[in-house]
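The values are calculated or read from the model by the stated rules, or taken from the named source; none is laboratory data. These numbers were taken from a predicted model, which means no experiment stands behind them. Here the Cβ positions follow ideal geometry from the backbone for every residue, glycine too, while neighbour counts run over all protein chains shown.
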Amino acid sequence: MPAANEGPIIKACTSHSHKAVSAEALLDVERARPVLEQIANKWSILILTVLCTRPSRFNEIMRRLDGITHKALADALKRLERNGLVRREVLTTTTPVGVEYTITSLGRSLQQPFEALYAWSMTYGSQLERAQEEYDRFRV
């Protein structure tokens, strides 16, 4: 989690414009699913959001993402690097040798959709919780 004085880390990236997506395009599941599987999971979104604020080393990312395991972070970073969303740089000037992760311009292009998800979660999160509680109350 960000320090109290940092504010929401979701706001750290520079804004990019986006194009409206038609309902027909959203139904093109065959093309969209493989892409969404790479970016629309809990850890990928949170890792990219952390990296929007500044380049970070593995342990710093881990500290900022409460609840992520070492394996989950390592796997997610490899997947994000493979997809061109994150760049991994070996720091040979540090002892011991370190690795720093930086968001790429492609990764940064996800900022606006992530901001929309963040805003939605702030607006509707309490309604979601109430719906879950009501569902659980009648299903148990």
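Considering every residue within the range 32-43, establish whether at least one is of a type in the set (Val, Ile, Thr) and in a helix (DSSP H, G or I). Give the steps one after another, and end with the answer.
Pass one, the range 32-43, residues of a type in the set (Val, Ile, Thr): 35, 39.
Okay, now just the ones that are also in a helix (DSSP H, G or I), so 35, 39.
Yes: the range 32-43 contains one or more residues that are of a type in the set (Val, Ile, Thr) and in a helix (DSSP H, G or I).
Would you mind stating whether PRO113 is surrounded by fewer than 11 Cβ atoms within 10 Å (Cβ to Cβ) and either part of a helix (DSSP H, G or I) or of a type in the set (Val, Ile, Thr) (or both)? Can you show your working first?
Numbers: surrounded by fewer than 11 Cβ atoms within 10 Å (Cβ to Cβ): no; either part of a helix (DSSP H, G or I) or of a type in the set (Val, Ile, Thr) (or both): yes.
Judged against the criteria, PRO113 is not a match.
Looking at VAL50, VAL90, can you tell me which residue is of a type in the set (A, V, I, L, M, F, W, C) and touching a Pro at 6+ places or on another chain (Cβ under 9 Å)?
Working: VAL90 fails: touching a Pro at 6+ places or on another chain (Cβ under 9 Å).
Result of the check over VAL50, VAL90: VAL50.
If a residue must be of a type in the set (Asp, Glu) and surrounded by 12 or more Cβ atoms within 10 Å (Cβ to Cβ), how many such residues does the range 116-140 contain? Let's see the steps before the verdict.
Residues of the range 116-140 of a type in the set (Asp, Glu): 129, 133-134, 136.
Subset that is surrounded by 12 or more Cβ atoms within 10 Å (Cβ to Cβ): none.
Qualifying residue count for the region: 0.
Could you identify the single residue in TYR118, TYR124, TYR135 that is out of contact with any Ser or Thr (no Cβ under 6 Å at 6 or more places or on another chain), under 13 Å from ILE45 (Cα atoms) and among the hydroxyl-bearing types (Ser, Thr, Tyr)? Steps first, please.
On the way: TYR124 fails: under 13 Å from ILE45 (Cα atoms); TYR135 fails: under 13 Å from ILE45 (Cα atoms).
When all the criteria are applied, what remains is TYR118.
Exactly one of these conditions fails for VAL99: (1) outside any strand (DSSP E or B); (2) farther than 20 Å from PHE114 by Cα; (3) in contact with a Phe, Trp or Tyr (Cβ under 7 Å, 6 or more places away or on another chain). Give me its number.
Answer for VAL99: the failing condition is (1).
State yes or no: is SER105 loosely packed, with under 14 Cβ neighbours inside 10 Å, of a type in the set (Gly, Ala, Ser) and at pLDDT 95 or above?
On the way: loosely packed, with under 14 Cβ neighbours inside 10 Å: yes; of a type in the set (Gly, Ala, Ser): yes; at pLDDT 95 or above: yes.
Yes.
Of the residues that sit in the range 63-95 and are of a type in the set (D, E, K, R) and part of a helix (DSSP H, G or I), which one is surrounded by the fewest Cβ atoms within 10 Å (Cβ to Cβ)?
Filtering the range 63-95 for residues of a type in the set (D, E, K, R) gives 63-64, 66, 71, 75, 78-79, 81-82, 87-89.
Restricting the remaining residues to those that are part of a helix (DSSP H, G or I) gives 63-64, 71, 75, 78-79, 81-82.
Working: ARG63: 13, ARG64: 20, LYS71: 8, ASP75: 12, LYS78: 12, ARG79: 18, GLU81: 15, ARG82: 10.
The selected residue is LYS71.
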